[in-house]
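Structure first, then comments.
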Amino acid sequence: MFRETERVYTNMSILTGPMNHHLNGHKDLTKNKDVLKTIDPDQVWIPLVNGNAPCKACVSIGDEVKIGTKIAERNDHFYLPLFSPVSGTVTGVEKFMTSGMAQAEHLCITNDHKHEKVRAFEPFDYEKASWEEVLDFVRNAGMLGLGGAGFPTYVKYLKPENVELFIVNAVECEPYLTADYKNIEENIDLLRTGTLALFKLSKAAKGCVAIKEDKVEQIEALKKTFEGTPIEIRTVPDLYPMGWERTLVYQLTKKRYDKLPIEAGCILNNASTAIALGNAIDNGMPITHKYVTVSGDALNNPQNVYVPIGTRASVIIDAVGGYIEGTEDVLLIAGGPMMGKTIPNDKFVIMPQNNGLTVLVNRPKDEVKCLRCGRCTETCPSGLQPVRIQMSNAIFDEEELMKLSVMDCIECGMCTWICPSKIDVTENVRRAKNFVRTRMASRAKEAKK
Amino acid sequence: MKFTYKPSPNYRNTQTTSGIMADLTLCLAAIVVFAAVYYGVAFGAAYGFRVIMMTLVSLAAALLTEAAYFKMRGYDVKKEILHSYGWVTALILTLITRLDVSYYALFVCTVVAIIIGKLVFGGFGQNIFNPAAFGEALIMNSFSGSKAAKVTADVFSGATPMAAMNSNGWILSSSAMSGLIKGFGGFGGMLVGTYPSVIGGSCALLILLCGAFLLWRKDIDWHLSVTYLITVFCLSLIVGLIKGAGFNYAVFNVMSGGVLFGTVFMMTDPVTTPITIPGRMVFAVGCAALTLILRWKSNLPDGVLFSILLMNMVTPAIDKLVDGNQIKNAGLIRKKVIYTSIVVLLAALGVGMTLEGVTPAKADNTPSGETAPASEPAGLAVEDFSENNTYCRVWSNTDPAAYVYKCSAKGFEGTNKATITVNADEGTITSITVDEFGDTVSVGDAAVADAELARYAGADLNSEIDATSGATFTSKSLRAMAAAALNMAAGD
Ligand code: SF4
Ligand code: SF4
């Protein structure tokens, strides 16, 4: 059996570096192990926040809820409903840090462990339904970008004009994470439903599922599943950050865009989002649970778990067997080690867009001075020069920073990863971005006055 | 459990700067060993030993200087030294120095290279000039007299490839070119490096292997080195073909002098070269052009070193030139690279077109036979010419009755060059003509008057030729050349 691979690197010309890199994914730690599904916490905390916008609770303390009861919604310029992942009683509201490192209100629901469900949506036939009906369904089902962005899904499909390619992103390039892989493995039929529904919504000429070329068995399974549909399976090289929209769009279409992928005629959604939509269509259930990879070198037994939204990190880590004996100082990362943030406590809860907990032993690093080697420039997928940005005289010079297009940084982490001097390059770029951002904000304020 | 906060990403490549430096050290050490073995075998164990000693002297100078500096600044000395990589500078500096440089000069220059070349800029990563190139430039300009005499006489009685080309004005006919290359054991000999040059400069093959190793380990970027080599090759090929020196001229230009060593070990120093790939390409083209221009037109022994230093100076400007988002500005950056390169290449070709070979001056038919009377006797064989930096190379060795040598030697303030014809059968000088007079006009030129030169005719190694009064230094340089030519003829 041969694989059709598209080993066309995103290399533009002799004058640029590769702009990506193969990372050691450590995925074998969890890839072939069963998913732990028995975690049933006594309490869950639902973060009342989506992006930077607060969500309003629509239940009050003391109310009984079932799995699938609507409990809150975001209702500013976007609409997003939230649903209860457990059955039980609403017992309070508490403010603490989310996995996005922001303080937010959390709605506490005490679990009665009865697992009573309500069917949140009526049976829905996306094939017969009109385009508007599908859009409404996606909107009311509370679909959001489960790959990490947490952006309401329907918004992307409001005006699908001239879309050439609809892409389901099953690349999962972040090291350690295998949650999407497991999710697809177990729910491949839901993926089919969700993908076809989204494809219809996108009005695209062609559709595809993009997956890394090394996941041979899954590629075969996907091909079988999508046989007879307009959806192709396309493989991409095992490079980071191949799962990032821009890199993926360039890989598949050889087109670059400025702000949104739609400029290049593409709409992308994460595979787990498509599965969630499939679940809503076929089973009438909203997003209540998540596949989360719990991995890292500080854990006894790395594995994937399937947990209710709102489960605390500490509960999950205990459930998989806790820390390796003798570990005292760890980095607890919400997500994978490249893009995920380290959270300075283990109280935070799993949000819909979280797909990993990586726990690494905190090792001291041996930082030396920048040797101007330019490796960060060569691997930056946005084409920036992180080293020029972090140079001391540039970092507080807005004009210079704009010339270096600092705002194009996506904080993918490649520059820190590659730096042989072990400098926190990404963090320095981030600081420069924040500096420019505050400057812009204060100017905007001034202009208003 | 302690949950530490660290900014993302928390995942890192295994390659470290210290690892890169370790690989580099390994390569440089291999070249030191090669040099020690070569000089030891070819000239005697003492010379092999001297290679090792010079390396140690330079290493000691570098490490002591850094230790003292960090101690003074109150840093953690051991950690800072390990992160400052001074030993790499010391090794490179030693390898681009000639074996006849005195320990004292090498020591002083290493210290200055470390302090002025690196530490005053803020240490590793901040320096503008390649510290080793900086130190070597110092040795050449300030300590040219500080030589270990015996080494000069034994090792450098023949010319290095650079000196040989210099004495020919960097262009000669294709057949003479082949002869010259043969003088160094042909391209095979040049590849293995069995001729004296700077300590680490001759073994082309080993240097290339080191380059391949470093590339394989992803320690260095190929763009700069490869562009540089290609540019040097193509420029000299064009000039060589137009000027009739042939294809060999291009190969010779790449293989000789510091080109290979410089491109593998010095231009790959990321600190002093541009950050981006387009920037490095511009650097490479500029450096190649300067190398050749300096070789062709300056009095420097080789152009590589100074071309690196000059390009180091414009590195910040190059970085600025190709700034900005590498994707969005790709077209603009490409244009800039191409236009800059074209301008630089045309300039270099223009200079190359002006090259003219040194035409052997017609030997004056001076009546000879008379041996110089000796008022202040000093036999050529025993006189000490170590100050004179004498070079000689074979110009023609077909007829033993008239071997011709092109020689050069330092006089009072400049270098004098002469063509010397020797009757090898007799071991005597037939004639000596001065091709280039570098000393003070109307003082030293007394010594090169035809009548004075005539006194050399018939002289052998044991002859004592007294100095022309008022022109002692120039006379001495002539005697040095005569002695060298006679020595070579005796060996041929
Ligand atoms: S974090 Fe930003 S600057 Fe660094 S490589 Fe990624 S996009 Fe480029
Ligand atoms: S990778 Fe690190 S050492 Fe190299 S240029 Fe970038 S910041 Fe400097």
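Quick notes on this structure:
- Every condition in (1) more than 14 Å from chain A (Cβ to nearest Cβ); (2) assigned to a helix (DSSP H, G or I); (3) farther than 25 Å from B:Gly211 by Cα holds for B:Leu300 except the one numbered (2).
- Pick from region A:359-392, criterion more than 28 Å from B:Lys78 (Cβ to Cβ), away from ligand 1 (no atom under 12 Å from the Cβ) and at the interface with chain B (Cβ under 8 Å from one of its Cβ atoms), ranking: surrounded by the fewest Cβ atoms within 10 Å (Cβ to Cβ): A:Leu360
- Just one of (1) among the charged types (D, E, K, R); (2) within 22 Å of A:Leu36 (Cα to Cα); (3) within 14 Å of another protein chain (Cβ to nearest Cβ) fails for A:Lys341. It is (2).
- Residues (among the hydrophobic types (A, V, I, L, M, F, W, C) and surrounded by fewer than 22 Cβ atoms within 10 Å (Cβ to Cβ)) located in region A:265-316: A:Met285, A:Val315, A:Ile316
- Test for A:Arg256: is it touching a residue at least 40 places away in the same chain (Cβ under 8 Å), farther than 20 Å from A:Leu177 by Cβ and not in a helix (DSSP H, G or I): no
- Among the residues making up region A:22-40, those that are touching a strand residue (DSSP E or B) at 6+ places or on another chain (Cβ under 6 Å) and either under 15 Å from A:Ile316 (Cβ atoms) or surrounded by fewer than 18 Cβ atoms within 10 Å (Cβ to Cβ) (or both) are A:Thr30, A:Lys33, A:Val35, A:Leu36, A:Lys37, A:Ile39.
- Residue satisfying condition, being in contact with a helix residue (DSSP H, G or I) (Cβ under 9 Å, 6 or more places away or on another chain) and within 17 Å of B:Glu387 (Cα to Cα), within set B:Asn423, B:Asn416: B:Asn416
- Residue match in region A:393-406 (condition: among the small types (Gly, Ala, Ser), farther than 30 Å from A:Asn300 by Cβ, modelled with pLDDT under 90 and more than 13 Å from ligand 2 (Cβ to nearest atom)): yes
- Extreme residue, surrounded by the most Cβ atoms within 10 Å (Cβ to Cβ), among residues of region B:401-443 that are charged (D, E, K, R) and part of a strand (DSSP E or B): B:Lys406
- In region A:322-338, the residues that are more than 7 Å from every other protein chain (Cβ to nearest Cβ), among the hydrophobic types (A, V, I, L, M, F, W, C) and out of contact with any Gly (no Cβ under 6 Å at 6 or more places or on another chain): A:Ile324
- Qualifying residues in region A:344-358 (those that are at the interface with chain B (Cβ under 7 Å from one of its Cβ atoms) and of a type outside the set (D, E, K, R)) - the one nearest to ligand 1 (Cβ to nearest atom): A:Pro344
- Exclusive hit being within 10 Å of ligand 1 (Cβ to nearest atom), part of a helix (DSSP H, G or I) and surrounded by fewer than 22 Cβ atoms within 10 Å (Cβ to Cβ), set A:Glu400, A:Glu411, A:Glu427, A:Glu446: A:Glu427
- Among (1) within 19 Å of the chain's Cα centre (by Cα); (2) within 16 Å of ligand 2 (Cβ to nearest atom), the one test that A:Thr379 misses: (1)
- Region B:106-130: number of residues that are buried (at least 22 other Cβ atoms within 10 Å of the Cβ) and in a helix (DSSP H, G or I): 6
- Listed by position, the helices (runs of 4 or more DSSP H) inside region B:1-85 whose residues that are within 29 Å of the chain's Cα centre (by Cα), at the interface with another protein chain (Cβ under 9 Å from one of its Cβ atoms) and crowded, with 17+ Cβ neighbours inside 10 Å number at least 1 are B:17-43.
- Residue satisfying condition, being farther than 22 Å from B:Ser298 by Cα, over 25 Å from the mean Cα position of the chain (by Cα) and buried (at least 18 other Cβ atoms within 10 Å of the Cβ), within set B:Val394, B:Val448: B:Val448
- In region A:149-185, residue modelled with the highest pLDDT [restricted to those that are among the small types (Gly, Ala, Ser) and surrounded by fewer than 21 Cβ atoms within 10 Å (Cβ to Cβ)]: A:Gly150
Residue-by-condition table, conditions (1) farther than 19 Å from B:Tyr11 by Cα; (2) in contact with a His (Cβ under 9 Å, 6 or more places away or on another chain); (3) not basic (Lys, Arg):
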residue	(1), (2), (3)
A:Gly310	yes, yes, yes
A:Glu325	yes, no, yes
A:Gly336	no, no, yes
A:Asn362	no, no, yes
A:Arg372	yes, no, no
A:Cys376	no, no, yes
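- Positions within region A:41-74 being loosely packed, with under 14 Cβ neighbours inside 10 Å, of a type outside the set (Val, Ile, Thr) and in a loop (DSSP other than H, G, I, E, B), in sequence order: A:Asp42, A:Asn52, A:Ser60, A:Gly62
- When the test is whether a residue is touching a strand residue (DSSP E or B) at 6+ places or on another chain (Cβ under 8 Å) and in a loop (DSSP other than H, G, I, E, B), A:Lys347 passes it.
The values are calculated or read from the model by the stated rules, or taken from the named source; none is laboratory data. Quick caveat: nothing in here was measured; it's all calculated off a predicted structure. No Cβ is skipped: glycine too gets one built from the backbone with ideal geometry, and neighbour counts run over all protein chains shown.
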